[in-house]
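Everything below concerns the one structure shown next.
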Ligand code: GLP
């Protein structure tokens, strides 16, 4: 779906999430959300915070699992996804702290494999993701599933692509400061979500959006795996859709 502005598109996405939260509340069920970082979802979180403040949207039944985190990464580091999520969403809503899950970039190397297995099990213990919010990297990654990722991959540690690190360089004050690794949910983890919304804004995403939507499904562009998911919507602004 192409919208004339990313601001308006973000409202639509936020309202879909709010509707799902309320439906689950009525049924007295958890609403399990998979959340993304990066610039793309910022306006969605802004609107969810507004709905909480001005329209009494409660997050007490919401359980969240973030897609990814740099590794190694301190939680208090301003570049961490922990910091991002608290700054843009969690600090402003009534979600219970125990319901927030973000991959931990401080886990010791020797514990990392087991940590990833446990993260995956924890998602499954809530019955999987009801909704997964995604952005897309210019390598075609979703979460941090870089080219080469298997369609059945699960939560694991991965090596970041050079393009991904160079796109992150400005917020780290230089590419040398960008971690070389990350923890990410897998493609298999993401694809089990009942509903997926993937957002892309701006001209610089136009090329990868075209390849993701019109190209053949392959590990070279992991986002193409979403073509096989039966309930995924690509939300674009005009600029991101201009190569379609
Ligand atoms: C990072 C994140 C992804 C995100 C991507 C795009 O690499 N790990 O989850 O989708 O950046 O970021 P942006 O939304 O800033 O373009």
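List of remarks:
- Within the range 182-191, the set of residues being out of contact with any helix residue (DSSP H, G or I) (no Cβ under 7 Å at 6 or more places or on another chain) and more than 12 Å from the ligand (Cβ to nearest atom) comprises 186, 188.
- Residue within the range 91-101 that is within 14 Å of the chain's Cα centre (by Cα), buried (at least 23 other Cβ atoms within 10 Å of the Cβ) and either within 29 Å of residue 234 (Cβ to Cβ) or more than 16 Å from the ligand (Cβ to nearest atom) (or both) present: no
- Answer residue from the range 116-134, given it is within 16 Å of the ligand (Cβ to nearest atom) and under 23 Å from residue 10 (Cβ atoms) and is surrounded by the fewest Cβ atoms within 10 Å (Cβ to Cβ) among those: 131
- Answer from 137, 148 - the residue that is closer than 30 Å to residue 203 by Cα, away from the ligand (no atom under 15 Å from the Cβ) and either at pLDDT 95 or above or in a loop (DSSP other than H, G, I, E, B) (or both): 148
- The range 102-115: number of residues that are in contact with a strand residue (DSSP E or B) (Cβ under 6 Å, 6 or more places away or on another chain) and within 16 Å of the ligand (Cβ to nearest atom): 3
- Restricting the first member to the range 14-31 and to residues that are free of Cβ contacts under 8 Å to residues at least 40 places away in the same chain, and the second to residues that are surrounded by 17 or more Cβ atoms within 10 Å (Cβ to Cβ), the beta-carbon pairs closer than 6 Å and six or more apart or on different chains are 14/44; 14/47; 14/48; 18/51; 18/57; 25/61.
- Counted residues, the range 56-84 - those being within 12 Å of the ligand (Cβ to nearest atom) and part of a helix (DSSP H, G or I): 2
- Selection within the range 25-40 - out of contact with any strand residue (DSSP E or B) (no Cβ under 6 Å at 6 or more places or on another chain) and crowded, with 20+ Cβ neighbours inside 10 Å: 37
- For the range 7-19, a residue qualifies if it is touching a strand residue (DSSP E or B) at 6+ places or on another chain (Cβ under 6 Å) and either surrounded by fewer than 22 Cβ atoms within 10 Å (Cβ to Cβ) or within 14 Å of residue 132 (Cα to Cα) (or both), and exactly one does: 13.
- The lone exception for residue 45 - which of (1) away from the ligand (no atom under 16 Å from the Cβ); (2) in a helix (DSSP H, G or I); (3) in contact (Cβ under 8 Å) with a residue 12 or more places away in the chain it fails: (1)
- Considered as a group, the residues in the range 192-216 that are away from the ligand (no atom under 16 Å from the Cβ) and in contact (Cβ under 8 Å) with a residue 40 or more places away in the chain include one that is surrounded by the fewest Cβ atoms within 10 Å (Cβ to Cβ), and that residue is 194.
- Residues in the range 116-134 that are assigned to a helix (DSSP H, G or I) and closer than 26 Å to residue 45 by Cβ: 116, 119, 120, 122, 123, 124, 125.
- The set of residues in the range 217-226 that are within 15 Å of residue 158 (Cβ to Cβ) and surrounded by fewer than 18 Cβ atoms within 10 Å (Cβ to Cβ) contains only 219.
- For the range 155-191, taking the residues that are assigned to a loop (DSSP other than H, G, I, E, B) and in contact with a strand residue (DSSP E or B) (Cβ under 9 Å, 6 or more places away or on another chain), the one that is surrounded by the fewest Cβ atoms within 10 Å (Cβ to Cβ) is identified as 180.
The values are calculated or read from the model by the stated rules, or taken from the named source; none is laboratory data. Keep in mind that this is a model prediction, so the values were computed, not measured. Ideal geometry is used to build each Cβ from the backbone, glycine not excepted, and the neighbour counts take in all protein chains shown.
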